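For reference, the structure discussed in these notes is given below.
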Number of protein chains: 2
Amino acid sequence: MQDKHQVSAEDSLIARYFKPLATDPGALGLVDDAAVLSSSGDDIVITTDAVVEGVHYLATDPPDTIARKALRVNLSDLAAKGATPAGFVLTLALRSKEDRWLRPFADALGEDARSFACPLLGGDTVSTPGPQMISITAFGRVPKGRMVGRTGARPGDRILVTGTIGDAALGLDVLTGGAMAAMLASDQVAQDYLIDRYRVPRPRNALAAAVLAHASAAMDVSDGLAGDLAKLCAASGVSAVVEAHRVPLSAAAAVAISAVGLEKLVSGGDDYEVLCAVPEARCAHFVREANQAGVAVAAIGTVIVGQQAPRWTDAQGRDITLRRLSYSHF
Amino acid sequence: MQDKHQVSAEDSLIARYFKPLATDPGALGLVDDAAVLSSSGDDIVITTDAVVEGVHYLATDPPDTIARKALRVNLSDLAAKGATPAGFVLTLALRSKEDRWLRPFADALGEDARSFACPLLGGDTVSTPGPQMISITAFGRVPKGRMVGRTGARPGDRILVTGTIGDAALGLDVLTGGAMAAMLASDQVAQDYLIDRYRVPRPRNALAAAVLAHASAAMDVSDGLAGDLAKLCAASGVSAVVEAHRVPLSAAAAVAISAVGLEKLVSGGDDYEVLCAVPEARCAHFVREANQAGVAVAAIGTVIVGQQAPRWTDAQGRDITLRRLSYSHF
């Protein structure tokens, strides 16, 4: 019946590619302009992050990895807030509607939506003459008043970070023919590992319950560990000491650090790991629950009194000066 | 203290322009990656709409009107769903961070956020080498299970629409040097009126309570009255008869229709009026409450049994054939 109503190309694009993802009743099958998120006294945590072609991903990246990255950078924020995913809305600014791009994009988005239990609730598809852009707003739930913020870190808290740091920045370096590409020319396995870390974040949603239960403050590492820790400390009105040699590195990054230096790893973007402050007394619980959830965590430093930027030290306790802390868009 | 932490240019942009808008406690002063929307059993209505330079607005449009349009197209969706605004998140894809663009943009956005009681809760600012784009996801509240959808129109319901139709399409025609520009060359007042209607929608949030109380189905008119009514009918499994001469027109549009034809007005985008179906028995209440809210409404037709596209008739009851129903992005 639909074509009797002269359904627009935009509507058929949505029906064809995205309606199968809209499995939640609140999505209303994407036939409405709006979606419904029911609530029963929980707080709704909202996060929004966009990825732009040529800025957050490369035009040559496969569409399935672009889809996963677009959703996962938002899932990573929910994980760091201790929130359980509830759904997301998608704004897709497209130059064209080629099936060979949209099909793998939508399929991968659907797979991630299912595996992270974060269904598509609605969206908007617009045309752009410029670079493609995917903007996602994702929703999670936490018990009322319990969202883990950035302001609760207290002197004495341990600073922990998940996974490994710097791989994504190195992967981008490989993809763009930087120093790493030459260095790893004969090591395809390491190259592939780093590229995958750049293209497909591993958001730590399995850790959300432990973050909610134990962290005094948390955020995800998206713009560089050094800068993001500085932001967390500033928001909490504290400082920190970080032992650089405790920053968890992959085997590939451990080899690279001698060539590219620490700063490249801790100021590069796209890690999408969880950075949190945990009171000393809760650290053992947090680490045990992280292990049970299958998420590696490393204690890298301690929150201290002060207003100054976090201090970085080497294995001998000597200060390390970082000139650059973060990736910045401007 | 902040610059001791080497706050990034992106963070200072957000602090400078957008933090003053983040007055809601759930925005956490924009220092977090996430925002909180508290709930107490109400349903959260979510809508997302993006505007792209060169597609939804012109690069030459003033930044204050671009800001208002970006927010108001979303407020319009909330109004049509019977929802009370609760807040919004903003993704801003910028080519540059010129104060002369950002200052009026942020000021106007703040004014609208205040006047529509829809505070900024969070956002993301990214750089793009292409056209600027503003993507907003807005939130509203309705009592549980009460969101006014598109699927409830029933045969016998009256079809009503707010305000006037077609002005924005004519305004775009004036701005782009189309037929209207020549026709209205000597009538600056009419030109200005139409241009303003294109640039600054008037979302009918004052009507939301009446929509919630009386409408069986509703949506906002964003892609053309004819196409949007066809969508509403398709979603409800009904058809409709529309009396074209009852479609409310501004004085300028009433003059223009003889030159540009009905189709231009009812298939043009950007009206941002509310289109709804109201059971006959509730029509008088709906119209009275609309009048009390200061919103003009016009009854333009009736829902009928059927699967075919809505029929349009002239004042003599003769069928009118519309070849084009909507604006489409693709």
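Would you be able to say whether some residue in region B:151-170 is within 14 Å of chain A (Cβ to nearest Cβ) and within 21 Å of A:Asp124 (Cβ to Cβ)?
yes
Filter region B:105-138 for residues that are facing chain A (nearest Cβ under 9 Å) and more than 26 Å from A:Ser127 (Cβ to Cβ) and give the result.
Selection gives B:Leu121, B:Gly122.
If the requirement is being assigned to a helix (DSSP H, G or I), modelled with pLDDT of 95 or more and over 22 Å from A:Val126 (Cβ atoms), which of these qualifies: B:Ala254, B:Ala259, B:Ala213?
B:Ala213
Please count how many residues of region A:129-146 are surrounded by 24 or more Cβ atoms within 10 Å (Cβ to Cβ) and either over 17 Å from the mean Cα position of the chain (by Cα) or of a type outside the set (A, V, I, L, M) (or both).
Count: 4.
Go through (1) more than 14 Å from chain A (Cβ to nearest Cβ); (2) under 30 Å from B:Ile66 (Cβ atoms); (3) crowded, with 19+ Cβ neighbours inside 10 Å; (4) not β-branched (Val, Ile, Thr) for B:Gly261 and report which single condition fails.
Among (1) more than 14 Å from chain A (Cβ to nearest Cβ); (2) under 30 Å from B:Ile66 (Cβ atoms); (3) crowded, with 19+ Cβ neighbours inside 10 Å; (4) not β-branched (Val, Ile, Thr), B:Gly261 violates only (3).
List the number of the failed condition for A:Ala208; all other conditions in (1) farther than 19 Å from A:Asp49 by Cβ; (2) in contact with a strand residue (DSSP E or B) (Cβ under 8 Å, 6 or more places away or on another chain) hold.
For A:Ala208, the failing item is (1).
For region B:10-37, enumerate the residues that are of a type outside the set (A, V, I, L, M) and touching a helix residue (DSSP H, G or I) at 6+ places or on another chain (Cβ under 7 Å).
Answer for region B:10-37, where residues must be of a type outside the set (A, V, I, L, M) and touching a helix residue (DSSP H, G or I) at 6+ places or on another chain (Cβ under 7 Å): B:Tyr17, B:Phe18, B:Lys19, B:Pro20, B:Gly29, B:Asp33.
Just checking, how many residues over region A:28-87 are at the interface with chain B (Cβ under 9 Å from one of its Cβ atoms) and aliphatic (A, V, I, L, M)?
16
Check B:Ala290 against each of (1) touching a residue at least 60 places away in the same chain (Cβ under 8 Å); (2) within 14 Å of chain A (Cβ to nearest Cβ) and name the one condition it does not meet.
The number of the failed condition is (2).
How many of the residues in region A:146-185 are modelled with pLDDT of 95 or more, in a loop (DSSP other than H, G, I, E, B) and not charged (D, E, K, R)?
12
Of the residues A:Val274, A:Val303, A:Val287, which is assigned to a helix (DSSP H, G or I) and either in the same structural domain as A:Ile165 (by TED's automatic domain parsing) or at pLDDT below 95 (or both)?
Sole residue among the options that is assigned to a helix (DSSP H, G or I) and either in the same structural domain as A:Ile165 (by TED's automatic domain parsing) or at pLDDT below 95 (or both): A:Val287.
The rows are residues; the columns are (1) under 20 Å from the mean Cα position of the chain (by Cα); (2) acidic (Asp, Glu); (3) surrounded by fewer than 19 Cβ atoms within 10 Å (Cβ to Cβ).
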{"position": "B:Arg150", "(1), (2), (3)": "yes, no, no"}
{"position": "B:Leu160", "(1), (2), (3)": "yes, no, no"}
{"position": "B:Gly177", "(1), (2), (3)": "no, no, yes"}
{"position": "B:Ala185", "(1), (2), (3)": "no, no, yes"}
{"position": "B:Gly224", "(1), (2), (3)": "yes, no, no"}
{"position": "B:Val238", "(1), (2), (3)": "no, no, no"}
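Tally time: how many residues in region A:250-301 are small (Gly, Ala, Ser) and in contact with a His (Cβ under 9 Å, 6 or more places away or on another chain)?
So the answer is 1.
Of everything in region B:115-130, what is among the small types (Gly, Ala, Ser) and in contact with a Pro (Cβ under 8 Å, 6 or more places away or on another chain)? Give them in sequence order.
Matches in region B:115-130: B:Ala117, B:Gly130.
In the set A:Asp112, A:Asp124, A:Asp107, which member is modelled with pLDDT under 95 and either part of a helix (DSSP H, G or I) or among the acidic types (Asp, Glu) (or both)?
It is A:Asp124.
Would it be correct to say that A:Asp220 is within 10 Å of another protein chain (Cβ to nearest Cβ), among the acidic types (Asp, Glu) and part of a strand (DSSP E or B)?
Criteria met by A:Asp220.
Could we say that A:Gly268 is closer than 27 Å to B:Val31 by Cα, small (Gly, Ala, Ser) and within 12 Å of chain B (Cβ to nearest Cβ) here?
Here the answer is no, as A:Gly268 does not meet what is asked.
Could you please give the count of residues in region A:307-330 that are in a loop (DSSP other than H, G, I, E, B) and either touching a Gly at 6+ places or on another chain (Cβ under 6 Å) or surrounded by fewer than 16 Cβ atoms within 10 Å (Cβ to Cβ) (or both)?
So the count comes out to 14.
Do you know which residues across region A:117-127 are touching a Leu at 6+ places or on another chain (Cβ under 7 Å) and either surrounded by fewer than 20 Cβ atoms within 10 Å (Cβ to Cβ) or of a type in the set (S, T, N, Q) (or both)?
A:Thr125, A:Ser127 - these are the residues of region A:117-127 that are touching a Leu at 6+ places or on another chain (Cβ under 7 Å) and either surrounded by fewer than 20 Cβ atoms within 10 Å (Cβ to Cβ) or of a type in the set (S, T, N, Q) (or both).
The values are calculated or read from the model by the stated rules, or taken from the named source; none is laboratory data. On a predicted model such as this, the values are computed, not experimentally measured, just so you know. Methodologically, a virtual Cβ is constructed for each residue, glycine included, from the backbone with ideal geometry; neighbour enumeration extends over all protein chains shown.
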